[in-house]
Each structure stands twice: as C-alpha cells, then as structure tokens.
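The values are calculated or read from the model by the stated rules, or taken from the named source; none is laboratory data. Quick caveat: nothing in here was measured; it's all calculated off a predicted structure. No Cβ is skipped: glycine too gets one built from the backbone with ideal geometry, and neighbour counts run over all protein chains shown.
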Amino acid sequence: MPPLFAAQEPAAAAAAPSGTSADETLSPTRLAWRSFRRRKLGLVGTAMVLLLVLVAIGGTLITPYDPNGMNASVSMHAPGLAHPAGTDRFGRDQLSRLMEGTRISMLVSFGSVLLSLAMGLPLGLIAGYYGGLVSAVIMRTEDVVFAFPTILLALMIVATLGPSLINLVLAIAIIFQANVARVVRASVMSVKEKEFVEAARAVAARDAVIMARFILPNVMSPVIVQATFHLSLAIFIEASLSFLGLGAQPPTPSWGLMLNESRTFMEFAPWLTVFPGLAIIFAVLAFNLMGDALRDALDPRLSER
Amino acid sequence: MLRYILLRLLGLVPVLFGVSVLVFVAIWVIPGDIVDIMMGDEVAQSEKAMQRLRAQLNLDQPIWMRYLLWVGNALRGDLGVSMISGEPVLDQILERAPVNLQLVLIAMVFIIVIGIPLGTLAAYKQFTWVDNSIRVGAIFGYVIPNFWLATIAVLIVSLYFPRATVLDYVPFSKDPIANIKGLLIPGFVLALTTLSYIVRLTRSTVLDTLRLDYVRTARAKGLGERVVMSTHVLKNSLIPVVTVLGIQVGVLIGGLVLTEEVFMLPGIGRMILLSIEARDFMVLAGGVLFLGVVFVLVNLVIDILYAFLDPRITY
C-alpha cells in the first residue's frame with residue numbers, strides 16, 4: 001500500500017509530540033491504551049466487567065446451588081455461611097440466582113448493544129457519507145426515537161410486542177441505534193473531508209470500500225465509548241422493565257425481577273431487596289467506570305477531568 | 001429571535017407527526033387484532049359484541065383511515081374512552097397530571113438547589129477531600145437505580161417509622177402541606193440520577209471557565225472571590241447545564257413510571273402501567289402520546305431558552 005492510503009486518524013497521530021522518538025512509532029490504538037492504563041478507576045471498572053463476564057460465562061457451572069432449585073427446608077434464611085446472600089421463600093439460594101442474573105444482564109446488554117450497532121452503524125455511515133435527502137430522511141426518522149423518554153419508549157415497545165427478554169433486547173436496540181446513528185453520522189461528516197478519503201476517491205475506490213475501509217475505522221472511537229455507556233444503560237433498562245414485570249418472567253432470576261418479587265416480604269427478608277440492587281449498582285458502575293476511562297483515552301476532547 | 005422561534009415551531013410538525021405514527025403503529029398495528037387480544041380470556045363473547053367493538057375502534061376501516069381518525073380525534077382533545085371503565089382517557093390524564101407535574105418540579109428543585117452548588121463547590125476545591133467526596137458521591141448517586149432506592153426508602157420508613165406518614169399520598173386540594181411532604185422523598189429519589197449527573201457536569205464546566213483569561217483578569221483587578229464566582233464564572237458555566245437539564249427531563253419522565261409504581265402515586269406513569277396490565281390500549285396510547293408530546297414541547301422551550309441565555313448563538 002502506498003502511504004497515501006494510511007487510514008490513520010490524523011488528530012491522534014498529531015497528538016504524539018513529534019520530538020519524542022518513542023511516541024512517534026506508536027499507533028493510535030497503542031497511544032489510547034497507554035492513556036487508558038494510567039487511569040486507575042478505569043482499570044478497576046475493567047476488572048469488575050471481566051468478573052461479570054466470567055460469572056456470566058461460568059453460569060450454573062460455578063453457582064453454588066441450582067439457581068431455580070427449590071428447598072422448602074431452608075425457606076427465607078437470612079444470609080449465613082451456607083447461603084451468603086440468604087434464600088427466598090422457595091428456599092432458592094440467592095447468591096446462585098444473582099450469579100445467574102449476571103448472565104441475563106450480560107446477554108441482554110451485549111445483545112442489545114450489538115444489535116444496535118448492526119442497525120445504527122450502516123444508517124449513520126450512509127447518512128453521513130451521502131448527506132442530502134438520504135441523510136434527512138434517516139435522521140428525521142431517528143428524531144422520532146429521540147422524541148420519547150427512553151424508559152417510556154421501551155415500555156411501549158415491550159407492552160405491544162409482549163413481555164419477554166427477546167422483545168426487551170429488541171426494544172433497547174431500537175432506542176440505542178438512534179444514538180449510534182447520530183454519533184456515527186457526525187463523525188463521518190468530519191472524516192469524509194479528510195485527505196485520505198479524497199485520495200481513495202481519486203483512485204476511484206467504490207463508495208462501499210471507502211466507507212468500510214477508510215471511514216469506519218476512523219469513527220470507531222466515539223462508537224466504542226458510546227457502546228460502553230450503552231452497556232450500562234441497557235443493564236439499567238433491563239432491570240427497570242423486569243422490575244415492572246415487562247421483561248424477564250418468573251422464575252428467571254433477573255435482578256430487576258428478583259427486586260420486584262422481594263417487595264412483598266421486604267420487611268421480613270430485607271436481604272432479598274438489598275442484594276439484587278447491589279448487583280445492579282455493581283454492574284452499572286463497572287461499565288460506567290470503564291466508559292469514563294475509555295472516553296478519556298480515546299476521545300480526550302470530551303474528557304471531564 | 002422571533003424567526004428562530006417560528007422555525008422551531010414549524011420543525012415540531014414532522015416530529016409530532018412521527019411521534020403519533022410511532023404510537024399508532026406500536027399500539028394499534030403491531031399487536032394484531034386488538035379485539036381478539038382484549039376478548040381472549042372471556043369465553044362467552046358473542047360475535048355481535050366483537051363486531052360492535054371493532055366498529056367502535058374503527059377496526060373495519062383501512063389502516064390509513066384509522067390513523068387519520070385517531071390523530072384527528074387526538075388533535076381535538078379526544079383520546080378516546082377507556083376500554084375498561086368507559087371514562088374518557090383525557091379526563092384520566094388531566095386528573096393525574098398534577099401529581100406528575102409536582103413530582104418533576106420537586107425533583108427539579110432538588111437538582112438545581114443541590115446539584116449546581118455542589119458541583120461548583122467541587123470545582124472550586126478541586127483535588128481536596130471536599131471535591132473527592134462530592135465526586136465519589138456523584139458517581140454512586142448516578143449508578144444507583146431509582147426503583148431500588150425507592151424500594152429501600154419504603155423499606156426503611158416501614159421498618160423504623162411505622163407510624164410516619166411521609167409516604168402517604170394526600171391530594172393537594174385536601175391538604176397542600178401534607179401533599180408536598182408526601183412527595184418530598186419520591187421527588188428526591190426521582191431526582192438523584194440527574195442530580196448526580198448535574199453535579200459532575202457543573203464541576204467540569206466550572207473548571208473549564210475558571211481557566212479562562214477573563215476570570216484571571218477579574219481576579220487580577222482585585223474583585224472578591226464571591227463576585228468572580230457568581231458573576232463571571234457561574235453565569236457562563238451554567239449554559240451547558242441548562243441544555244442538559246432539558247434532555248434530562250426525559251429521564252425524569254421515564255423515572256416517573258418507576259417512582260410512581262413503588263410509592264403508589266396516582267400519576268400518569270402508574271396509569272400507563274395499569275393500562276398495560278389491563279390491556280387497555282386506548283389508555284396506553286393516550287398516556288404515551290401525552291407524555292411524548294410533553295417531552296417534545298419541553299425540549300422546544302429549553303432550546304429557545306438556550307438561545308436567550310447564550311447571546312453568542314445566533315440563528
């Protein structure tokens with residue numbers, strides 16, 4: 001490849017002080033990683049995310065009990081050695097259910113974010129690249145999604161499709177793809193004016209090639225940052241709707257649903273209310289900390305200090 | 001400015017059209033035959049009654065005609081009648097709206113009165129223990145789910161203050177003071193996420209402003225810290241905060257559904273939830289459409305306000 005085709009973000013390359021020899025040879029990815037590594041809270045968040053993912057993958061292999069296994073003899077036990085998070089009225093071990101709930105949370109959040117990228121990336125690329133009428137039609141349609149409060153839109157979609165986790169994933173993805181398309185479009189509009197895109201056009205590269213090979217890699221930074229925040233928001237929306245009875249259905253051990261079911265007995269068994277909430281906080285916090293650090297590393301202009 | 005306002009009002013038309021189409025499609029088209037769904041459980045439904053209901057809901061008309069009829073009625077303030085109680089949907093909404101308005105206003109007061117000063121204080125004392133504790137508090141405040149906090153609040157009140165009436169809903173007309181007292185905790189719970197976000201945002205915008213030259217000039221010419229902070233720094237830092245507050249109204253409206261559910265408040269959010277349970281699509285459509293339109297209008301007002309606040313913006 002001639003250097004003409006170096007599809008590298010010029011801003012990131014320029015950020016490396018040209019005087020220092022070490023930085024000159026680092027790719028933007030390496031630079032971002034260096035910056036990310038320095039942020040301790042971000043590393044803590046990443047470790048928390050890894051833990052969540054491991055627990056989700058481990059599933060019933062690592063839960064101490066069967067998450068849905070009932071045992072009347074230990075009904076409503078307070079947290080103790082045998083059951084660190086206590087048991088519910090069916091004698092189900094809450095720690096096992098919380099761990100299984102991690103899997104549900106992760107499936108819903110990663111599932112909805114991936115689906116939202118599959119929808120939003122192409123829409124944003126096309127809108128940003130072609131502009132004009134195409135862009136107007138796509139973005140005005142997305143405006144309708146923005147015209148609704150998030151939870152309300154999710155509520156309406158799930159209410160009409162029927163309460164289930166799959167429909168919830170679909171609802172969350174529909175909401176997120178509008179955000180993705182908006183961010184991608186804005187970045188594409190600035191990137192497509194860069195010289196390397198012009199160069200690609202000059203050698204008669206096809207539009208699809210230009211978009212996929214040259215523009216897409218350069219708009220990924222904000223998309224990745226946004227996706228991380230979407231992961232935490234998806235966990236929150238899943239928990240909210242399951243709490244309202246419009247997401248996971250019993251006996252699925254979703255955190256939100258567990259919290260909802262606990263309300264009847266919370267004066268006698270407060271642990272059933274407290275722990276699912278802590279699990280939600282842990283997961284949302286994990287992705288938020290990671291997202292903050294990623295944003296600072298990948299997109300320094302947006303950093304909050 | 002007038003031109004800008006007119007343009008924005010014109011821009012409302014396609015958005016409101018889109019909102020109405022989305023609600024219409026989601027509620028009246030996707031689920032399939034509403035009459036079947038509604039009547040599904042009842043065994044002895046005569047064919048005639050179903051026909052009548054279909055005609056009443058215009059289900060015998062082509063789809064575009066149904067949309068036009070629905071929107072036309074909505075524009076004239078007729079959101080239909082509840083399929084369960086027969087009560088007009090708009091009456092139900094207007095009866096419940098004051099609770100929502102109060103909750104959002106109380107939440108806004110908390111956000112502005114606590115959030116902005118805390119954020120400013122954190123920026124002013126950057127990297128001290130004050131700043132650090134405010135930042136940690138804001139991170140946790142941001143990630144605590146409001147429905148969990150609401151549940152814990154109810155739990156604490158019922159465990160330790162069994163006789164307290166802080167969570168009882170009293171209509172405003174009956175006893176205004178008891179009414180507001182009863183809404184303080186729900187209002188705070190509703191506010192917390194946005195409040196924490198505003199603390200972080202205020203902190204970072206104030207820090208940005210503190211670095212600007214004119215702030216140094218103001219200090220150099222011997223102005224007191226109080227004057228510098230209030231007239232030079234805060235005024236200019238708050239512009240982005242106002243915009244974000246507008247967007248956050250959406251978060252508050254979404255949060256209403258959850259807050260009302262846990263605190264058993266008779267607002268529109270609860271009405272929507274009940275209508276989902278009861279499959280009362282007329283009420284569901286009316287409620288969602290109403291909140292969507294309110295949200296769009298609030299954003300419009302904030303946008304116009306923004307133009308007033310920041311003279312650099314010209315249209």
The lone condition B:Val298 fails out of (1) more than 22 Å from B:Ser82 (Cα to Cα); (2) within 8 Å of chain A (Cβ to nearest Cβ); (3) within 10 Å of the chain's Cα centre (by Cα) is (2)
Exercise. Is there a residue being on the phi < 0 side of the Ramachandran plot, touching a residue at least 12 places away in the same chain (Cβ under 8 Å) and within 14 Å of chain A (Cβ to nearest Cβ) anywhere in region B:228-240?
Worked result: yes
Exception for A:Glu193 within (1) more than 11 Å from chain B (Cβ to nearest Cβ); (2) in a loop (DSSP other than H, G, I, E, B); (3) touching a helix residue (DSSP H, G or I) at 6+ places or on another chain (Cβ under 8 Å) falls at (3)
Open item on the list: Looking at region A:180-190, can you tell me whether even one residue there is farther than 21 Å from A:Pro222 by Cβ, more than 8 Å from chain B (Cβ to nearest Cβ) and not in a loop (DSSP other than H, G, I, E, B)?
Closed with: no
Of the conditions (1) under 30 Å from A:Asp296 (Cα atoms); (2) in contact (Cβ under 8 Å) with a residue 60 or more places away in the chain, the single one that B:Tyr142 does not satisfy is (2)
### Query
surrounded by fewer than 18 Cβ atoms within 10 Å (Cβ to Cβ) and away from every other protein chain (no Cβ under 14 Å) - does that describe any residue in region A:138-150?
no
Pairs returned, first residue in region A:153-179 that is closer than 14 Å to B:Val25 by Cα and part of a helix (DSSP H, G or I), second residue that is among the polar types (S, T, N, Q) and at pLDDT 90 or above, beta-carbon separation under 7 angstrom, 6 or more apart or interchain, are A:Val158/A:Asn167; A:Leu161/A:Asn167
Checking B:Val130, B:Val109 in turn, the sole residue that is part of a helix (DSSP H, G or I), away from chain A (no Cβ under 14 Å) and under 19 Å from B:Gly246 (Cα atoms) turns out to be B:Val109
Filtering region B:136-157 for residues that are more than 22 Å from A:Asn260 (Cβ to Cβ) and buried (at least 19 other Cβ atoms within 10 Å of the Cβ) leaves a count of 3
Within region A:250-279, restricting to residues that are within 11 Å of another protein chain (Cβ to nearest Cβ), touching a residue at least 60 places away in the same chain (Cβ under 8 Å) and outside any helix (DSSP H, G or I), the one that is surrounded by the most Cβ atoms within 10 Å (Cβ to Cβ) is A:Ala269
| request: Look at B:Arg76 and say whether it is at pLDDT 85 or above and not hydrophobic (A, V, I, L, M, F, W, C). | output: yes
Within region B:169-187, the residues that are surrounded by fewer than 21 Cβ atoms within 10 Å (Cβ to Cβ) and either within 14 Å of chain A (Cβ to nearest Cβ) or of a type in the set (A, V, I, L, M, F, W, C) (or both) are B:Val170, B:Phe172, B:Ile177, B:Ala178, B:Ile180, B:Leu184, B:Ile185
The condition from (1) at the interface with chain B (Cβ under 8 Å from one of its Cβ atoms); (2) surrounded by 20 or more Cβ atoms within 10 Å (Cβ to Cβ) that A:Leu161 misses is numbered (2)
